[in-house]
Amino acid sequence: MTKIIVANWKMNGSKAFITEFFKNFISAPQNFIIFCPPALYLKDVLNHTSRVGGQDCSSHLSGAYTGDISSVMLNDIGCQYVLLGHSERRSYHKETSETVRQKAGHVLKADLIPIICIGESKEVRDAGRARDFVLEQLSHSLPAVSDKTYYIAYEPVWAIGTGLTATENDIIQMHEAIRQALPQQHIPLLYGGSVNKENAHTILALPNVDGVLVGGASLKYEDFNHIVAFSELPMV
Ligand code: PGA
């Protein structure tokens, strides 16, 4: 089955980096590979692939919002996806699930696919409230009505950029809970948080894992080439 593998470059990269990366990137046609570079470099990445997404967008469609970029603009330049509600947006920019929900509505109207991120902090997990927290965040972040596709990325905050990954059991249990809570069938569920070339293929093979969201390891083409090469077909 096709897996969805998203590279979240965060605030990293340059024109020279992009040229070098795509000179060495080996795509894997069996999987969907999506790149989310900083907004300034979307066009540069679009010169190499059509599967490109923004890392965020405004909760408005146009108007007096200095510094913001709308979903319509992302669509206009050729993007197909937008990450929404990443934990770094939620924590550094104080984005609430209600804002994420509003953005998701605009993104769908602009005919883009939102990739909605959810995940609990270490305190919440240690307190044994991870499941309840994540399901509540999910229900408040989902677009109001939608018969269109969106993706969900479960990213435990304590696993992002830390080298700590959720255990296989944690991922299986949380993805199953999210799957059951979703109003529609067939919504792709991605896992994110310290996915790397060592653990990616094991995570991608878990039940209810339709893909991965990769931060740090997506900046190294050798590592990312290995991650995207995942195949469910037995190696011969
Ligand atoms: P990481 O980041 O792979 O560097 O942990 C993942 C993310 O924040 O999407």
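Would you mention how many residues in the range 158-189 are more than 24 Å from Pro114 (Cβ to Cβ) and away from the ligand (no atom under 16 Å from the Cβ)?
Counting residues in the range 158-189 that are more than 24 Å from Pro114 (Cβ to Cβ) and away from the ligand (no atom under 16 Å from the Cβ) gives 4.
Given the structure, is Ile26 more than 24 Å from Glu120 (Cα to Cα), within 16 Å of the ligand (Cβ to nearest atom) and not in a helix (DSSP H, G or I)?
no
Matching residues to (1) under 18 Å from the mean Cα position of the chain (by Cα); (2) of a type in the set (A, V, I, L, M, F, W, C):
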position: Phe25; (1), (2): no, yes
position: Pro29; (1), (2): no, no
position: Phe35; (1), (2): yes, yes
position: Pro38; (1), (2): yes, no
position: Ser50; (1), (2): yes, no
position: Gln55; (1), (2): yes, no
position: Asp76; (1), (2): no, no
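Answer yes or no as to whether Val134 is within 14 Å of Ile116 (Cα to Cα), assigned to a helix (DSSP H, G or I), β-branched (Val, Ile, Thr) and within 16 Å of the ligand (Cβ to nearest atom).
Yes.
Give me the pairs, please: first residue somewhere in the range 109-130 and in a strand (DSSP E or B), second residue anywhere and at pLDDT 95 or above and β-branched (Val, Ile, Thr), beta-carbon distance under 6 Å, and either six or more positions apart or on two chains.
Within 6 Å, the pairs are Pro114/Val82; Pro114/Val107; Ile116/Ile152; Ile118/Val134.
Residue-by-condition table, conditions (1) aliphatic (A, V, I, L, M); (2) surrounded by 18 or more Cβ atoms within 10 Å (Cβ to Cβ); (3) on the phi < 0 side of the Ramachandran plot; (4) assigned to a strand (DSSP E or B):
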residue	(1), (2), (3), (4)
His48	no, no, yes, no
Leu61	yes, no, yes, no
Tyr65	no, no, yes, no
Asp76	no, no, yes, no
Cys79	no, yes, yes, no
Leu83	yes, yes, yes, yes
Arg90	no, yes, yes, no
Glu95	no, yes, yes, no
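Within the range 1-23, can you find the residues that are β-branched (Val, Ile, Thr), buried (at least 18 other Cβ atoms within 10 Å of the Cβ) and either more than 16 Å from the ligand (Cβ to nearest atom) or over 15 Å from the mean Cα position of the chain (by Cα) (or both)? It would help to see each step written out before you state the result.
Taking the range 1-23 as the starting set, the residues that turn out to be β-branched (Val, Ile, Thr) are 2, 4-6, 18-19.
Narrowing further to those that are buried (at least 18 other Cβ atoms within 10 Å of the Cβ): 4-6, 18.
Ile18, the sole residue that qualifies.
I need the full set of residues from the range 74-95 which are within 12 Å of the ligand (Cβ to nearest atom), without any contact (Cβ under 8 Å) to a residue 40 or more places away in the chain and either of a type in the set (A, V, I, L, M) or more than 18 Å from Gly53 (Cα to Cα) (or both), in order please.
Correct list: Arg90 only.
Here are some conditions: (1) among the β-branched types (Val, Ile, Thr); (2) touching a helix residue (DSSP H, G or I) at 6+ places or on another chain (Cβ under 7 Å); (3) under 22 Å from Gly161 (Cα atoms). Ile69 meets all but one. Which one does it not meet?
Going through the list (1) among the β-branched types (Val, Ile, Thr); (2) touching a helix residue (DSSP H, G or I) at 6+ places or on another chain (Cβ under 7 Å); (3) under 22 Å from Gly161 (Cα atoms), Ile69 breaks only (3).
Conditions first: (1) more than 24 Å from Gln102 (Cβ to Cβ); (2) touching a helix residue (DSSP H, G or I) at 6+ places or on another chain (Cβ under 7 Å); (3) not in a helix (DSSP H, G or I). Asp56 passes all but one, so which condition is the exception?
Asp56 satisfies every listed condition except (1).
Can you tell me how many residues in the range 190-208 are within 15 Å of the ligand (Cβ to nearest atom) and part of a loop (DSSP other than H, G, I, E, B)?
Qualifying residue count for the region: 7.
The values are calculated or read from the model by the stated rules, or taken from the named source; none is laboratory data. These numbers were taken from a predicted model, which means no experiment stands behind them. Glycine also receives a Cβ, built like all others from the backbone with ideal geometry; neighbour counts cover every protein chain displayed.
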